[in-house]
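The values are calculated or read from the model by the stated rules, or taken from the named source; none is laboratory data. This is a predicted model, so every value here is computed, not measured. Using ideal geometry, Cβ is built from the backbone for each residue, glycine included, and neighbour counts are taken over all protein chains shown. Each accessible area value is taken on the protein alone, full model and side chains, heavy atoms only, with ligands, DNA and RNA left out. Shrake-Rupley method; radii C 1.70, N 1.55, O 1.52, S 1.80 Å.
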Amino acid sequence: IYLSATSVYGNHNGKWVRENSRLKGKTRFGHGRKMAEESWIKFRNNNNLDINILRVSGIYSKENNVLKKILKTKIYVKERKYFSRIHIEDLANIIKKIFYSSKRSMILNASDDKPSTNVEVAFYAAKLLKIKKMQAIPISQFKNKMIKEFYKDSKKVSNKNMKVKLKIKLRFPTYKQGLKNIFHNFK
């Protein structure tokens with residue numbers, strides 16, 4: 001299994017992307033992942049191997065999540081960009097399902113059921129944390145180049161193929177269940 005990223009899709013202006021959508025990633029990360037995928041597919045075809053590609057959405061966990069970021073900074077990115085996410089436990093289960101699947105050489109998206117804007121997620125995190133005031137920061141004010149690159153793209157990633165082909169039920173089907181679980185186990 002090659003763990004790629006949904007950055008291969010690039011910017012689709014908040015529209016849905018599926019595994020057969022045009023790959024137009026222009027960021028350093030998106031372009032690099034696209035080239036890596038092409039190399040793995042060529043290697044797979046030349047050697048008649050079973051190599052699956054899993055395009056992973058933004059991973060969050062108990063250790064790395066918006067709750068910690070909001071609690072620490074009380075800021076969020078002003079521009080509304082659509083992103084998809086996946087809880088680390090669901091990602092681990094997806095990888096396990098691929099290993100035991102009879103299907104071969106799949107390309108699948110690993111994401112939850114509810115792509116959302118960064119603003120929606122930030123406000124939900126603030127609500128859980130009972131933070132009343134946060135500051136909206138435009139992307140242009142961030143010094144971190146990785147953050148600026150990340151926020152160039154906006155898309156909703158479909159997980160339908162993953163759910164059908166792997167017969168999988170996500171433990172955290174939306175960021176709300178995932179963040180609520182993390183919040184209740186935050187200490």
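Of Tyr60, Leu91, Phe43, which is farthest towards the positive pole of the stretch 32-135's charge dipole, taken about the Cα centre with +1 and -1 on the beta-carbons of Lys, Arg and Asp, Glu respectively?
Tyr60
Roughly how big is the stretch 1-154's charge dipole about its Cα centre, with Cβ charges of +1 (Lys, Arg) and -1 (Asp, Glu), in debye to the nearest 20?
Computed about the Cα centre, the dipole is about 640 debye.
Evaluate the charge dipole of the stretch 1-63 about its Cα centre and quote only its size in Debye, nearest 20, assuming +1 on the Cβ of each Lys and Arg and -1 on the Cβ of each Asp and Glu.
Dipole of the stretch 1-63, to the nearest 20 debye: 300 debye.
Taking all protein chains as present, what is the carbon and sulfur share of the accessible area of the chain, in % to the nearest whole number, probe 1.4 Å?
Roughly 54 percent, rounded to a whole number.
Take Lys24, Lys68, Lys130 and sort them by solvent-accessible surface of the protein heavy atoms, 1.4 Å probe, largest at the top. Let's see the in-between values first.
Numbers: Lys24 60, Lys68 90, Lys130 160 Å².
Accessible-area ranking of Lys24, Lys68, Lys130, largest first: Lys130, Lys68, Lys24.
What aspartates and glutamates does Lys68 reach when the alpha-carbon gap must be under 19 Å and sequence neighbours fewer than 8 apart in one chain are set aside?
List returned: Glu89, Glu120.
Starting from the Cα gyration tensor of the stretch 95-187, take the square roots of the eigenvalues, sort them a ≥ b ≥ c, and report rounded, prolate or oblate (rounded when a/c is under 1.5, otherwise prolate if a/b is larger than b/c, else oblate).
Because a/c hits 1.5 or more and a/b fails to exceed b/c, the stretch 95-187 counts as oblate.
Roughly how many debye, to the nearest 20, is the charge dipole of the stretch 78-176 about its Cα centre, given +1 on each Lys and Arg Cβ, -1 on each Asp and Glu Cβ, and no other charges?
In total the dipole reaches around 140 debye.
For the chain, with every protein chain kept in place, what is the accessible area per residue (1.4 Å probe, Å²)?
So the chain comes to 59 Å² accessible per residue, rounded to a whole number.
Any of Lys74/Lys155; Lys132/Lys160; Lys74/Lys114; Lys127/Lys163; Lys81/Lys130; Lys15/Lys62 with alpha carbons more than 27 Å apart? Name them for me.
Lys132/Lys160; Lys127/Lys163; Lys15/Lys62
Report relative contact order for the stretch 1-41 in percent, whole number only (criteria: Cα-Cα under 8 Å, sequence separation at least 6).
It comes to 46 percent, rounded to a whole number.
Based on the mean of other beta carbon atoms within 10 Å per residue, what is the order of 149-157, 135-143, most packed first?
Most protected by this proxy first, the peptides run 149-157, 135-143.
Please arrange Tyr82, Tyr2 by accessible surface area, largest first, computed with a 1.4 Å probe and ligands excluded.
Values: Tyr82 75, Tyr2 40 Å².
Per-residue accessible area, sorted high to low, gives Tyr82, Tyr2.
Kirkwood hydrodynamic radius for the chain: how many Å is it when counted over pairs of different Cα atoms?
Hydrodynamic radius (Kirkwood, Cα pairs) of the chain is 17.3 Å.
Sort 104-117, 8-21 by packing, meaning the average of other beta carbons within 10 Å per residue, with the highest value first.
Packing proxy ranking, top to bottom: 104-117, 8-21.
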